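Q: Okay, here's the structure, questions in a sec.
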Amino acid sequence: MKALITGITGFAGSHLAEYLLARGDVEIYGTYRARSRMDHIAHIADRIRLVECELQDREAVEKMIAQIKPEHIYHLAAQSFVPASWSFPAETLMNNIVSQLNIFEAVRMADIPCKIQVACSSEEYGLVYPDELPVQETNPLRPQSPYAVSKIAQDFLGYQYFQSYGLSIVRTRTFNHTGPRRGERFVTSNFAKQIAQIELGLQPPHVYVGNLQARRDFTDVRDVVKAYWLALERGVPGSVYNISSGSTRTIQEVLDTLLSFTSAPVQILVDPKRLRPSDVEVLLGDATAFCEQTGWKPEIPFHQTMRDLLQYWRDT
Ligand code: GDD
């Protein structure tokens, strides 16, 4: 079975590649760009096939898909950092929407039997009212950032290409996920890296933070990539599924958990640059539909994820 992972050099992409390798029955292809960092996949580079491809280049994508003829596509490549979407809204929309359109068109042109997983996001729900929790797939989408709008476009294009052309597309609305290799701009990694640097004496004992009142539903990335596999193996094409743990914690609790693993005394300082024009205040997902359809359930406890993440930064 041939699987193509876009964004294989990234956080979720590298974990998915590891998971598929461990299965032993999957030939893994992955796209990267000239500027991609290779450190997340260096340890498996000899067991995967890497293809340089700019996903915004329609011709390059058509050629790549026609050559590989993948049976699964996991479309994980994206501009995924919410604050960057305020600094570069046009780039975020172009990158996330055009890349996916090129993949859909290339699969359509190649006329190959291929299942496509589209990495959508809980950010699409945006403003959620207390009586709407936990959020189901039918909840209204009230985006709070250009990034969220780009993910709604990806989501709806997935629906439209299924309806119009019968492409076998499964959309996953994944809530926050973290673990080793999480990019350092994202909150869990950012705090863990700061703590590790303080322990090593590389940073004064100040942890800089943004909005600690926001609540998020965290799943370990190693559970999330299993969900992506199951989405294509057992999910119903045309459907959209929440992928979430079903529990929520404040960012303050995330910080407190990480601090409980260190003896370094620290002072918490709010950095106004880390506050957003509009932050999503609470996300808590209902993944019942996905769990019932596929048998998936998250297995790695939050404390374990946080321990592993802090250890990752101590070792990096
Ligand atoms: N990044 C960051 N840095 N966030 C902070 C900080 C900080 O120092 N302090 C507080 N926060 C708060 C943010 O305001 C936000 O409410 C929350 O921590 C999580 O921020 P991120 O880790 O940047 O993630 P996100 O929730 O904006 O988006 C992530 O999850 C989405 C799924 O819901 C990303 O992974 C997206 O790509 C993904 O779609």
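Q: Using a 1.4 Å probe on the protein heavy atoms, what percent of the accessible area of segment 1-127 belongs to carbon and sulfur?
A: 52 percent
Q: Sticking with this one: Would you mind calculating the relative contact order of segment 162-316 from Cα pairs under 8 angstrom and at least 6 residues apart, reporting the percent as a whole number?
A: Across segment 162-316, relative contact order equals 38 percent.
Q: Same structure, new question: By how many nm would the segment from residue 274 to residue 200 grow when fully extended, if each residue of separation counts as 0.36 nm and the alpha-carbon distance is taken off?
A: 24.2 nm
Q: Between residue 159 and residue 54, what length comes free when the chain is fully extended (0.36 nm per residue of separation minus the Cα-Cα distance, one decimal in nm)?
A: Result: 35.4 nm gained on full extension.
Q: Counting only heavy atoms of protein chains, what accessible area per residue, in Å², does the chain have with a probe of 1.4 Å?
A: 43 Å²
Q: Compute the distance in nm between two label points, each set 7 Å from the Cα along the Cα-to-Cβ direction, one at residue 66 and one at residue 252.
A: Inter-label distance under the simple model: 5.8 nm.
Q: Let me ask another. Just order 57-63, 237-243 by mean Cβ neighbour count inside 10 Å, highest at the front, would you?
A: The peptides rank, most packed first, as 237-243, 57-63.
Q: Given a Förster distance of 22 angstrom, what is the FRET efficiency for residue 213 paired with residue 84, based on the Cβ-Cβ distance and rounded to 0.05?
A: 0.50
Q: Just the number, please: carbon plus sulfur as a percent of the accessible area of segment 200-316, 1.4 Å probe, no ligands or DNA/RNA counted.
A: Solvent-exposed carbon and sulfur of segment 200-316 make up 52 percent of the total.
Q: Dividing the alpha-carbon radius of gyration of segment 59-196 by 2.2 N^0.38 Å (N being the number of residues), what value is obtained?
A: 1.15
The values are calculated or read from the model by the stated rules, or taken from the named source; none is laboratory data. This is a predicted model, so every value here is computed, not measured. Note that each Cβ is placed from the backbone with ideal geometry, even for glycine, and that neighbours are counted across all protein chains shown. For the accessible areas, the whole protein counts, side chains as well, though only heavy atoms, and no ligand, DNA or RNA atoms are used. Shrake-Rupley method; radii C 1.70, N 1.55, O 1.52, S 1.80 Å.
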